[in-house]
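**Q** The structure follows.
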Amino acid sequence: MVDKIFEAVARTENCETVRDVSSLRNKNLKEFDHVIIVDTEVTLGGKLREIKLYIALPFNLRVNLPKIFIDEESYAPIKYIPHVNSDLSICMQDESENYYYSLADLPTIVLDFVRRAKEIIRIKDDAEEMRVEFEREFQAYWSVKYSTKDEILLTGFSLIDEDSNEEVKAIRLKSKIGVYEYVIFNSDKRFESLKHYLENCQIRYTDTPVFEVNYEQIEPPFDLSYFNSARYLAEIDAVKLLRSSLNQSKGNDCLFIFRNAHNEFFGWMYPKFNILPAGYRKKSNWERLNLNPARNFSVKRIAFSNLNQERLYRRTAGELPETVHSVNVIGLGSVGSNLLHFLSKAQIGEYHLVDNDVFKVENVLRHNFSFSCISHYKTAVAKRYLLDANPFIAVSTHEKDITKLLIEDPAFFERSDYSFVIIGVRRTEEYILDYLIARSSQKPVFIIWVEPYLASGQMMYITPNKFTEAKVLLNEYPFHVIEHGDELFLKEGSCQSGYYPYSETYLTMFLSRIFPEIYGIIVKGENADSKMFSWMGDTDFLLSKGVNISKGICDAPYSLKITPF
């Protein structure tokens, strides 16, 4: 295929194959299996200019598309041009797109890439297109390192609300979240959710002075010196406050931000102010920015990632959820903890978690918690799990028995849209139903439990008008698979070491089968009447274990029976 690509290009361009890829100056080209040099010409400024391109052919051309690079010496006199990356590759195809091609089409594709590369270089002659493209790709070029002195810091979160008129504030995290160290926001309400997350993760922070500047340059290079940055600061309305903050700065603790045409935020800071050589009289930080030595120091540039919840929803589902629901989850054992994984995908914005148990060694393989969580309350571990998945939700925890909680907080069930009772203890389930009946509760409840070996998984969705009937059904439940009286409760030896055996695999199969039903009820408002959902386990596996199956049970393995009541 390499020969066919060469032959196709050689028909219209002067080209040669590089015998030793390691001899090339651009280190990025050395990663490719084959490189073809193309000596071509492009008209710029009304004159023909010689340009050298490289066709870089990767390993396994069936999977990986070739890339086009421009030679460093060819690019130096004409830089900067949109779509030419810092590694001198020319952007031809968005790599996140599913671009399908057949191997036989590669020679034609490469010819088209060479043609498009030359078109991109010709943009240099079109000032308006240059402006439009650089404006559109501003973030990419702001993050390029333009010299050895240049510093880039891609460590900012933006929570800016475009509809808010509140002043912009900033904090600096004392413990980074990944590489992120700074947060800017102009809505205390919007920041509150992230603040809740930071507190739960015990991440401390300090307030940081922040000033918005009017930075209008859109074409690179952006290697902004201390000296050149000073003119933007002089235009700030609150210049007295700015000078005071700057003069107290020790470096990396004062932000200067701006927004581009797409409302993306960028900025810079001054990493240090000890920039004057020996012999200078003592100067304030503000004065130092305006002295000649400041020309030799570059600001540290920052690009802020948009952490707005609306943006994250659009990047996920393509739209904002119409409604965000609240739920109580009572019981965070193996079933409850694994159910959280599914509930976290169901547009739930508020969780109230109840469990008075801690995560133990014997829970590791069946709970949805990691080994490092041993000895922590299950509620605390679950809260961290949910907030790590979405830092904008609200999660409260209650490390106590549900019956005690209801004495302390009689309205607990009424404050959430739905409740999930996943305790697996019949007497507690009956107690909860009696409590809801006595209080004339108007909130529906899910009760979920499983049989040993996951012979079956059961869920009851109970609307308030069916609480009494549901209590009767719990005691006379018609869809249990294991024959009544078959004792499968196991013990390891000591007191309080009993358990019912079932695998995480079957548990996941059960939960993944009932989740569409839960989603339909909570999110879509479907199937709103009370129902019993009975999932059938692996009957062959049950028989191999000598389990007695109830008479009349003939459902297919892994099937779900839905019965209204």
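The values are calculated or read from the model by the stated rules, or taken from the named source; none is laboratory data. Bear in mind the structure is a predicted one, so any value in this text is a computation, not a measurement. Reconstructed Cβ throughout: ideal geometry from the backbone, glycine too, with neighbour counts over all protein chains shown. Accessible surface areas use protein heavy atoms only, side chains included; no ligands, DNA or RNA. Shrake-Rupley method; radii C 1.70, N 1.55, O 1.52, S 1.80 Å.
**Q** Report yes if residue 407 is within 27 Å of the chain's Cα centre (by Cα), of a type in the set (Val, Ile, Thr) and over 27 Å from residue 523 (Cα atoms), otherwise no.
**A** no
**Q** Do we have any residue at all in segment 56-73 that's modelled with pLDDT of 90 or more and open to solvent by 80 Å² or more (accessible area, probe 1.4 Å)?
**A** Yes, the conditions are met somewhere in segment 56-73.
**Q** Identify, from the list 88, 159, 153, the residue that is crowded, with 18+ Cβ neighbours inside 10 Å, at pLDDT below 90 and of a type outside the set (Asp, Glu).
**A** None of the other options fit; the residue is 153.
**Q** What number of residues within segment 43-61 satisfy the criterion of being assigned to a strand (DSSP E or B) and more than 23 Å from residue 123 (Cα to Cα)?
**A** Count: 1.
**Q** Ok, one more. Can you tell me which residue in segment 505-537 is least open to solvent (accessible area, probe 1.4 Å), limited to those that are in a loop (DSSP other than H, G, I, E, B), of a type in the set (D, E, K, R) and without any contact (Cβ under 8 Å) to a residue 60 or more places away in the chain?
**A** 526
**Q** Would segment 183-202 turn up any residue that is surrounded by 18 or more Cβ atoms within 10 Å (Cβ to Cβ), among the hydroxyl-bearing types (Ser, Thr, Tyr) and touching a strand residue (DSSP E or B) at 6+ places or on another chain (Cβ under 6 Å)?
**A** No: zero hits.
**Q** In addition: With respect to residue 266, determine if the residue is open to solvent by less than 20 Å² (accessible area, probe 1.4 Å) and within 22 Å of residue 160 (Cα to Cα).
**A** Yes; evaluated as a whole, the condition is true for this residue.
**Q** While we're on this one: For segment 313-337: of the residues being free of Cβ contacts under 8 Å to residues at least 60 places away in the same chain and assigned to a helix (DSSP H, G or I), which is most open to solvent (accessible area, probe 1.4 Å)?
**A** Across segment 313-337, the extreme among qualifying residues is 315.
**Q** For residues in segment 348-382 being touching an Asp or Glu at 6+ places or on another chain (Cβ under 8 Å) and in a loop (DSSP other than H, G, I, E, B), which is most open to solvent (accessible area, probe 1.4 Å)?
**A** 365
**Q** Quick one: which residue in 176, 145 is among the charged types (D, E, K, R), open to solvent by 60 Å² or more (accessible area, probe 1.4 Å) and more than 21 Å from residue 197 (Cβ to Cβ)?
**A** 145
**Q** Hey, another quick one. On the basis of being in a helix (DSSP H, G or I) and open to solvent by less than 20 Å² (accessible area, probe 1.4 Å), does residue 340 make the cut?
**A** Spelling it out, residue 340 is indeed in a helix (DSSP H, G or I) and open to solvent by less than 20 Å² (accessible area, probe 1.4 Å).
**Q** Looking at segment 383-399, is at least one residue in contact (Cβ under 8 Å) with a residue 40 or more places away in the chain, of a type outside the set (A, V, I, L, M) and open to solvent by less than 30 Å² (accessible area, probe 1.4 Å)?
**A** Yes, the conditions are met somewhere in segment 383-399.
**Q** May I ask you to list the residues in segment 28-59 that are touching an Asp or Glu at 6+ places or on another chain (Cβ under 9 Å), without any contact (Cβ under 8 Å) to a residue 12 or more places away in the chain and not small (Gly, Ala, Ser)?
**A** Hits for segment 28-59 are 41, 48.
**Q** When you look at residue 77, is it under 23 Å from residue 129 (Cα atoms), over 40 Å from the mean Cα position of the chain (by Cα) and not in a strand (DSSP E or B), yes or no?
**A** Spelling it out, residue 77 is indeed under 23 Å from residue 129 (Cα atoms), over 40 Å from the mean Cα position of the chain (by Cα) and not in a strand (DSSP E or B).
**Q** How about segment 546-565: which of its residues are in a loop (DSSP other than H, G, I, E, B) and surrounded by 12 or more Cβ atoms within 10 Å (Cβ to Cβ)?
**A** 547, 548, 550, 553, 555, 557, 558, 565
**Q** What is the residue count in segment 294-315 for residues that are more than 18 Å from residue 197 (Cβ to Cβ) and either at pLDDT below 90 or β-branched (Val, Ile, Thr) (or both)? Lay out the reasoning, then the answer.
**A** Taking segment 294-315 as the starting set, the residues that turn out to be more than 18 Å from residue 197 (Cβ to Cβ) are 294-303, 314-315.
Next, from what is left, pick out any that are either at pLDDT below 90 or β-branched (Val, Ile, Thr) (or both): 299, 302, 314-315.
So the answer is 4.
**Q** Within segment 109-161, which residues are touching a residue at least 40 places away in the same chain (Cβ under 8 Å) and of a type in the set (S, T, N, Q)?
**A** Selection gives 139, 143, 147, 155, 158.
**Q** Among 437, 423, which is the only one that is in a loop (DSSP other than H, G, I, E, B), open to solvent by 20 Å² or more (accessible area, probe 1.4 Å) and either out of contact with any helix residue (DSSP H, G or I) (no Cβ under 9 Å at 6 or more places or on another chain) or of a type in the set (A, V, I, L, M, F, W, C) (or both)?
**A** On the way: 437 fails: in a loop (DSSP other than H, G, I, E, B).
Within the list 437, 423, the selection yields 423.
**Q** For segment 235-242, does any single residue satisfy the condition of being assigned to a helix (DSSP H, G or I), farther than 18 Å from residue 300 by Cβ, open to solvent by 70 Å² or more (accessible area, probe 1.4 Å) and at pLDDT below 90?
**A** Yes, segment 235-242 contains a residue that is assigned to a helix (DSSP H, G or I), farther than 18 Å from residue 300 by Cβ, open to solvent by 70 Å² or more (accessible area, probe 1.4 Å) and at pLDDT below 90.
**Q** Now a separate question. From the residues in segment 440-468 that are closer than 30 Å to residue 546 by Cβ and polar (S, T, N, Q), which one is surrounded by the most Cβ atoms within 10 Å (Cβ to Cβ)?
**A** Among them, the one singled out is 456.
**Q** Looking at segment 280-301 only, could you name the residues that are assigned to a loop (DSSP other than H, G, I, E, B) and under 39 Å from the mean Cα position of the chain (by Cα)?
**A** 297, 299
**Q** Got a number for residues in segment 1-22 being open to solvent by less than 80 Å² (accessible area, probe 1.4 Å) and outside any loop (DSSP other than H, G, I, E, B)?
**A** 10
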